[in-house]
Amino acid sequence: MSNKTKKILGIVLKVAILLLVAWVLYRKLNNHQNLLEFERLMQGLGTDTVAITLSVVIVLMFANWFLEAIKWRYLCRYIERISLWKAIQSVFCGLTWAVFTPNRIGEFGGRVLFLQPRKRIFGVVAMGVGALAQLVLTSVAGSLSIAWFVNRFFDVGTLGGGAVWLLSVVYAGFFLALYFNVKWIDSWMRRIGFMRKFHRFFEILTRYSRRELLLIFLNSLARFVIFTSQYCILMLVLIPDIDFMPMLLLIFILFFVQAALPTLDLFDFGVRSVTASYLYGHITDQDIAVMAIASCIWFINLILPAILGSVFVLKINFFGDSVD
């Protein structure tokens, strides 16, 4: 293609993406009952309480994605040196792409398009390391919390309960071992026939030392604490009589279920709301408040950043060697 054709096609793609995002967001946010219910619940708390609570949750959202940008920049150090600002732009752009793709797979594409074309596949693999770190935390906290949940609310007996705990510990241990030995994935790719021709893209996994993996893990842990805190803050404000420790463990299970079920960010509020309602039905009768909180977190953490990230879609250079 000529440069003029590439430029026109690039503009068409950007406009199409922005129109698609605008359309799907409008369809789902218009008359969203859980968000309206959340607004109603917050109105009964007083203006100052509402302002402070939402401000803290939104600030935590920005802190969360800022940490993700730092992690993304660090992961790219063996691929391409990028500035922190460029990392921030790519992270928010990826969130825009994520809203209309299954399991947020578009986030990979939206983010790596800020790298040079020949580096983008390596970027997908590097981004996978960061995603794995987050998944490890979700899997460890979630599996152990599920073991507690089963033993607490179901009559499985001593033997059954012990088996659930053992299974959870083994499951958590596997993910921890895999993450800190992520180079195993490279060796597995070499042994799978049809994947051998792609193994050069996975060689980057061998370059991350355990110290570097630990730093990435700690960054992910900080993010995990942040979005756990968002749930805790809203629940303690709207359901002040809820028991803290069961509430916290159920949040971990909610994260685990969200990570395990394939869905779209756009429809994720349904998964979050129904799951949260079922889980918290064991410790509180405020299921409407729980569903409203889950929807609010969904909007603040995913939809609001996706709207902000739409600005950076315009900066993508689909065919060039750099991003304008």
Taking Val274 and the conditions (1) at pLDDT 80 or above; (2) in a helix (DSSP H, G or I), which numbered condition does it fall short on, given that it satisfies the others?
(1)
Which of the residues spanning the stretch 79-97 are outside any loop (DSSP other than H, G, I, E, B) and surrounded by fewer than 17 Cβ atoms within 10 Å (Cβ to Cβ)?
Leu84, Trp85
Conditions (1) among the aliphatic types (A, V, I, L, M); (2) touching a Gly at 6+ places or on another chain (Cβ under 8 Å); (3) crowded, with 21+ Cβ neighbours inside 10 Å; (4) under 30 Å from Pro246 (Cα atoms): number failed by Val150
(3)
Read through the list (1) closer than 28 Å to Lys183 by Cβ; (2) in contact with a Ser or Thr (Cβ under 9 Å, 6 or more places away or on another chain), then give the number of the only condition that Phe92 fails.
(1)
Scanning for something modelled with pLDDT of 75 or more, within 24 Å of the chain's Cα centre (by Cα) and within 23 Å of Ala292 (Cα to Cα), does the stretch 24-46 turn up at least one residue?
no
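Run down Ile283, Ile288 and say which single residue is in contact with a Pro (Cβ under 7 Å, 6 or more places away or on another chain) and open to solvent by 20 Å² or more (accessible area, probe 1.4 Å).
On the way: Ile288 fails: in contact with a Pro (Cβ under 7 Å, 6 or more places away or on another chain).
Among Ile283, Ile288, only Ile283 is in contact with a Pro (Cβ under 7 Å, 6 or more places away or on another chain) and open to solvent by 20 Å² or more (accessible area, probe 1.4 Å).
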Only residues that are of a type in the set (S, T, N, Q) and surrounded by fewer than 12 Cβ atoms within 10 Å (Cβ to Cβ): list them for the stretch 153-197, please.
Thr158
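Of the residues Leu166, Leu113, Leu159, which single one is within 20 Å of the chain's Cα centre (by Cα) and aliphatic (A, V, I, L, M)? Give the derivation first.
Details: Leu166 fails: within 20 Å of the chain's Cα centre (by Cα); Leu159 fails: within 20 Å of the chain's Cα centre (by Cα).
After ruling out the rest, the residue left standing is Leu113.
With respect to Leu144, determine if the residue is within 22 Å of Asp186 (Cβ to Cβ) and either in a helix (DSSP H, G or I) or open to solvent by less than 10 Å² (accessible area, probe 1.4 Å) (or both).
no
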Exactly one condition in (1) closer than 30 Å to Ile242 by Cα; (2) in contact (Cβ under 8 Å) with a residue 24 or more places away in the chain is not met by Leu218; state its number.
(2)
Options Phe92, Phe100, Phe66; residue that is closer than 23 Å to Ile226 by Cβ, aromatic (Phe, Trp, Tyr) and either in contact with a strand residue (DSSP E or B) (Cβ under 6 Å, 6 or more places away or on another chain) or in contact (Cβ under 8 Å) with a residue 60 or more places away in the chain (or both):
Phe92
If I ask for residues that are surrounded by fewer than 19 Cβ atoms within 10 Å (Cβ to Cβ), part of a helix (DSSP H, G or I) and without any contact (Cβ under 8 Å) to a residue 60 or more places away in the chain, which ones from the stretch 221-246 would you list?
Val225, Thr228, Cys232, Leu236, Phe244, Met245
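Picking from Arg118, Arg77, Arg111, which residue would you name as being free of Cβ contacts under 8 Å to residues at least 40 places away in the same chain and under 27 Å from Leu254 (Cβ atoms)? It would help to see each step written out before you state the result.
On the way: Arg118 fails: under 27 Å from Leu254 (Cβ atoms); Arg77 fails: under 27 Å from Leu254 (Cβ atoms).
On inspection, the qualifying residue turns out to be Arg111.
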If you go through the stretch 112-133 one residue at a time, do you hit one that is open to solvent by 50 Å² or more (accessible area, probe 1.4 Å), among the charged types (D, E, K, R) and touching a helix residue (DSSP H, G or I) at 6+ places or on another chain (Cβ under 7 Å)?
no
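Hey, could you check the stretch 200-220 for residues that are of a type in the set (D, E, K, R) and open to solvent by 30 Å² or more (accessible area, probe 1.4 Å) and say which is farthest from Leu178 (Cα to Cα)? Break it down into steps so the answer makes sense when it comes.
Just the residues of the stretch 200-220 that are of a type in the set (D, E, K, R), to begin with: 200, 203, 207, 210-212.
Next, only the ones that are open to solvent by 30 Å² or more (accessible area, probe 1.4 Å) stay: 200, 203, 207, 210-211.
Values: Arg200: 20, Glu203: 16, Arg207: 15, Arg210: 12, Arg211: 15 Å.
Within the stretch 200-220, the match that is farthest from Leu178 (Cα to Cα) is Arg200.
The values are calculated or read from the model by the stated rules, or taken from the named source; none is laboratory data. All of these numbers come straight from a predicted model, not from anything done at the bench. For neighbour counting, all protein chains shown are included, and Cβ atoms are generated from backbone atoms with ideal geometry for every residue, glycine included. Please note that ligands, DNA and RNA were not included when accessible areas were found on the heavy atoms of the full protein model with its side chains. Shrake-Rupley method; radii C 1.70, N 1.55, O 1.52, S 1.80 Å.
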